[in-house]
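**Q** Okay, here's the structure, questions in a sec.
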Amino acid sequence: QGAMFRCSARCCEDDAATMQQVQRCIERCHAPLAQAQAIVTAELERFQDRLSRCTLHCNDKARDALEAGGSETRVRGQLDACLAACGDDHLRLVPAMAKKMKDSLAAI
């Protein structure tokens, strides 16, 4: 962010530049930060979507088990175990996700 603001300040220091040129210069300065934010946001959204699908699957299994006559206590235990497995599986994805983001950000 600091580099972006310093870059933007340099754009404003050009007395010969028109207002449009200064604006375009500032937009160029902001582009890398916007790109970085988009990368992180997209990766986190994908992660959240995957986790949501996993928990929805657990909920569907629990609902099916209840409708099939399973006891509420047993189904609750199965649901808890399924949700815990979702959490564990997705925690294992975090290091690879972080590396992917770091590599993508380094390429900017």
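The values are calculated or read from the model by the stated rules, or taken from the named source; none is laboratory data. Fair warning: this is a prediction, and the values are worked out from it, not measured in the lab. Cβ sites come from the backbone with ideal geometry, for glycine too, and all protein chains shown count toward neighbours. The accessibility values were calculated without ligands, DNA or RNA, using every heavy atom of the protein model including side chains. Shrake-Rupley method; radii C 1.70, N 1.55, O 1.52, S 1.80 Å.
**Q** Kindly establish whether THR18 is of a type in the set (Ser, Thr, Tyr) and within 30 Å of MET4 (Cα to Cα).
**A** yes
**Q** Also, I was wondering about something else. If you check every pair at least six apart or on different chains, which have Cβ atoms under 6 Å apart with a residue in the stretch 1-29 that is outside any helix (DSSP H, G or I) first and a residue that is open to solvent by less than 100 Å² (accessible area, probe 1.4 Å) second?
**A** Here the result reads none, with nothing in the stretch 1-29 linked to a residue that is open to solvent by less than 100 Å² (accessible area, probe 1.4 Å).
**Q** What residue, of ALA9, ALA17, ALA3, is open to solvent by less than 90 Å² (accessible area, probe 1.4 Å), among the hydrophobic types (A, V, I, L, M, F, W, C) and more than 32 Å from the chain's Cα centre (by Cα)?
**A** ALA17
**Q** Scan the stretch 55-75 and tell me whether some residue there is open to solvent by 80 Å² or more (accessible area, probe 1.4 Å), touching a helix residue (DSSP H, G or I) at 6+ places or on another chain (Cβ under 9 Å), farther than 30 Å from ILE39 by Cα and of a type in the set (S, T, N, Q).
**A** no
**Q** May I ask you to list the residues in the stretch 92-108 that are under 14 Å from the mean Cα position of the chain (by Cα) and open to solvent by 80 Å² or more (accessible area, probe 1.4 Å)?
**A** PRO95, LYS99, LYS100, LYS102, listed by residue number.
**Q** Next up: Looking at LEU44, LEU51, LEU33 in this structure, which one is assigned to a helix (DSSP H, G or I) and at pLDDT below 95?
**A** Residue meeting the stated conditions: LEU33.
**Q** Tell me which of these LEU91 doesn't satisfy, since it passes every other one: (1) hydrophobic (A, V, I, L, M, F, W, C); (2) over 28 Å from GLN1 (Cα atoms); (3) in contact (Cβ under 8 Å) with a residue 60 or more places away in the chain.
**A** Condition (3) is where LEU91 drops out.
**Q** Does GLU43 satisfy the criteria of being of a type in the set (D, E, K, R), under 24 Å from ALA106 (Cβ atoms) and open to solvent by less than 60 Å² (accessible area, probe 1.4 Å)?
**A** So GLU43 passes the test.
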